[in-house]
Amino acid sequence: MLCLTLTGSSLDEDAHILERNRNYISMAELRLDALDASELPAAKDFPRRAGLPLILTFRRKADGGLRSVPEKKRIAFLADAAQGGYAYVDLEGDLRKADLRYEKEGARHDLEADLKARGVKIIRSFHDFKSVPDNIYDLIVKLSKGGAIPKVAVTPHSVADVITLFRVKKEIPLIKDMIVVGMGDWGVCTRILYKRIGSMLSYCCDSSSGIGQIDAKTMKTLYHADEVDERTHIYGVIGNPVLHSSSPQIHNPAFRAIHYNAIYVPFLVDDVRPFLRLAEMIQIHGFSVTIPHKRAIIPYIGHLPREVMKIGACNTVVHTARMWRGTNTDYYAFLSLVRSDIESGRIKSALVIGAGGAARAVVFALRNNLIPVTIVNRTAEHAQYLARETLSSWDTLENTPKYAGKVDLVVNTTSVGMVPDEDGDASMGFPFTGKEVAFDFVYKPRETVFLKKAEAAGCRCIHGADQLLEQGKLQFEEFSGYHYPPQIHPEIGG
Ligand code: ATR
């Protein structure tokens, strides 16, 4: 179940947010601690307005709540609101029996007993905003005592922590209903794959709030996270950072279009070794590799094409029966975008700006097609090194303009011109003649200073978004064995 967390300051606002997200969710959590005090008495009527199962929560400040209230008062507010038709009430795991007693109209009541008598399910929660506790499995079992639904919201900081969360289901197979939440950036993969960690639900936020959590619309329409089952094949992208990646937009809709029960998820990864352990554990079928792991992954790959070995960077890995097989779709995508110009003789020489990972794929692709290349780079030694490896020429970045009129292809492989450096000109003022093909690897913004200048001079321009999409389509073929569905046009860059 996808559960929308409602943190409006009024019930009207919450109702509005709920309406906006209704198509994406099957339940919601009303956070009393977010409401203005004047709204609290009406909270018991909210389930009637909502028309779907609700969790009632009054989070303590120490557990991430938005207001501080004396404890007795907090329990009384919860008890009052819980008179409405809430399906679940969230009570912190450390509350003892005595803490749950409250007075109403002169009589003493026991909130837990009241809820049980009315068939309301009790969630017993634990929050850790700093780490994943060592004893998390014991903790879950403890929270489940008395028939409660245990909830642990913890904060992973490494792949090892993420592995701990993916082991929950295996370690505690007897608890059927539980809620496990991996908070923060490291937890994103666990929130999308919540069903695989054994969590009965995943919390998500309003689609227009754009804060930390994953929004309900993305969870439902991009990941279809609630449709993941035991047979779903898992794919993903590993990197650090990785959450900005456009690859989920490329692969998820395409998997759906070919009716392949598969999901593509971003995995924040600090070290490829533990990730491969996770990959084996949850049977990841294939993954894309982005900065900074494209080189580090190579020793773990059982089979790499010769040219990819030479480039020394791998961006695509697929699981086969006996080993991980790797390739570099940057290389093949680049070639497919310039092949017709090479074959027609329009491109006979090239200037490549940059000497990093992307430049390596580009220079090897061109040299393997016998195109003479000059490499210009901020750090001369890097240009020199790549030039020596590929029998190319090299020069300093400042000398870029002096190649005007002497080359047919100019490729920018650096991040100059990429948001937030939109005014940056990767070409260093290269005076395009209009005859060149201009190719920019930067895809955000779509029209960089480099490409704007080339276009104004009348050059044929190839955009970073074209490269990104092309390499993604080739990855899709590696992953699924199918051609990329022509009806899918992912929105990338912008
Ligand atoms: P990628 O894998 O995307 O190519 P990379 O390996 O880090 O990333 O390479 C980045 C390239 O962009 C390098 O050539 C880098 O130049 P240096 O070798 O001098 O580091 C280049 N680059 C990055 N920022 C730059 C800047 N502000 N000006 C000029 N070149 C820059």
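Since every read-out is calculated from the coordinates, none of them should be taken as a lab result. Since we're looking at a predicted model, the values are computed, not measured. So basically every Cβ, Gly included, is an ideal-geometry build from the backbone, and we count neighbours across all protein chains shown.
Our note on the geometry: Cα centres of the range 162-214 and the range 425-494, 36 Å apart.
Normalised by the number of residues in the chain, the mean separation of alpha-carbon contacts (under 8 Å, six or more apart) gives a relative contact order of 8 percent. Taking other residues whose beta carbon is less than 13 angstrom from the beta carbon of Ala333, and scoring Lys, Arg as +1 and Asp, Glu as -1, yields -3. Can you find, among Leu370, Ala426, Gly458, the residue sitting farthest towards the positive end of the charge dipole of the range 356-494, where Lys and Arg contribute +1 and Asp and Glu -1 at Cβ? Value: Leu370.
Which longest run of the chain has no exposed loop site in it, a site being trypsin sites (Lys or Arg not before Pro) in a DSSP loop with at most 12 other beta carbons within 10 Å, and the site itself not part of the run?
1-95
Would you mind estimating how fast the chain diffuses translationally, via Stokes-Einstein at 10 °C and 1.306 mPa s with the Kirkwood radius over Cα pairs, in µm²/s?
On the way: Rh = 25.3 Å.
Once the numbers are plugged in, D ends up at 63 µm²/s.
Note on Leu243 and Leu391: their simple-model spin labels are 4.8 nm apart, each label 7 Å out from Cα toward Cβ.
Take every DSSP beta bridge with both residues inside the range 28-161 and express the antiparallel ones as a percent of the total, to the nearest 5. Here the antiparallel bridges make up roughly 20 percent for the range 28-161.
For Lys72, the lysines whose Cα comes closer than 27 Å to its Cα, not counting residues fewer than 8 places off in the same chain, are Lys44, Lys61, Lys97, Lys104, Lys116, Lys121, Lys142, Lys145, Lys151.
A simple rule links phi to the HN-Hα coupling: the Karplus curve 6.51 cos²θ - 1.76 cosθ + 1.60 with θ = phi - 60°, which for the range 67-78 gives 8, 9, 9, x, 4, 4, 5, 4, 5, 5, 4, 4 Hz, with x for Gly and Pro. I want the local charge near Pro150. Using Cβ-Cβ distances under 10 Å, sum +1 for each Lys or Arg and -1 for each Asp or Glu among the other residues. My count for the surroundings of Pro150 gives +3. Counting 0.36 nm for each residue step from Leu95 to Lys176 and taking away their Cα separation leaves a gain of 26.9 nm. Taking one quarter of the surface of the C-alpha convex hull of the range 1-155 gives a mean projected area of 9.4 nm². Normalised by the number of residues in the range 133-245, the average gap of Cα pairs under 8 Å and 6 or more apart makes the relative contact order 19 percent. Here Asp229 and Ser26 are evaluated by their C-beta separation; at R0 = 25 Å the FRET efficiency comes out at 0.95.
What FRET efficiency, computed as 1/(1 + (r/R0)^6) with R0 = 22 Å and r the Cβ-Cβ distance, is obtained for Glu105 and Lys73, rounded to the nearest 0.05?
Values: r = 16 Å, r/R0 = 0.73.
Efficiency for this residue pair is about 0.85.
Within the chain, DSSP assigns beta bridges of which about 15% are antiparallel (rounded to the nearest 5).
Coupling constants for the range 150-157 follow from the phi torsions by the Karplus curve (6.51 cos²θ - 1.76 cosθ + 1.60, θ = phi - 60°), and in residue order they are x, 10, 10, 10, 10, 10, x, 10 Hz; glycine and proline get x.
Counting GluC sites (Glu not before Pro) as exposed when in a DSSP loop with at most 11 other beta carbons within 10 Å, what is the longest stretch of the chain free of them?
On the way: sites that count: Glu105, Glu230, Glu491.
For GluC sites (Glu not before Pro) (loop position, at most 11 other Cβ atoms within 10 Å), the longest site-free span of the chain is 231-490.
Take the Cα radius of gyration of the range 103-173 and divide it by 2.2 N^0.38 Å, N being the number of residues; the result is 1.44. Near Gly286, the amide H atoms lying under 5 Å from its own belong to Gly236, His319; only residues 5 or more places off or on other chains count, and H is placed 1.01 Å from N.
Centroid-to-centroid, using Cα positions, the range 227-298 and the range 58-84 are 39 Å apart. Once the C-beta distance of Lys435 and Glu455 is scaled by a Förster radius of 22 Å, the resulting FRET efficiency is 0.95 to the nearest 0.05. Helix 11-21 sits at what angle to the longest principal axis of the chain, using alpha carbons and giving 0 to 90 degrees rounded to 10? So the inclination is approximately 40 degrees. In units of the compact-protein estimate 2.2 N^0.38 Å, the range 209-265 shows a Cα radius of gyration of 1.13.
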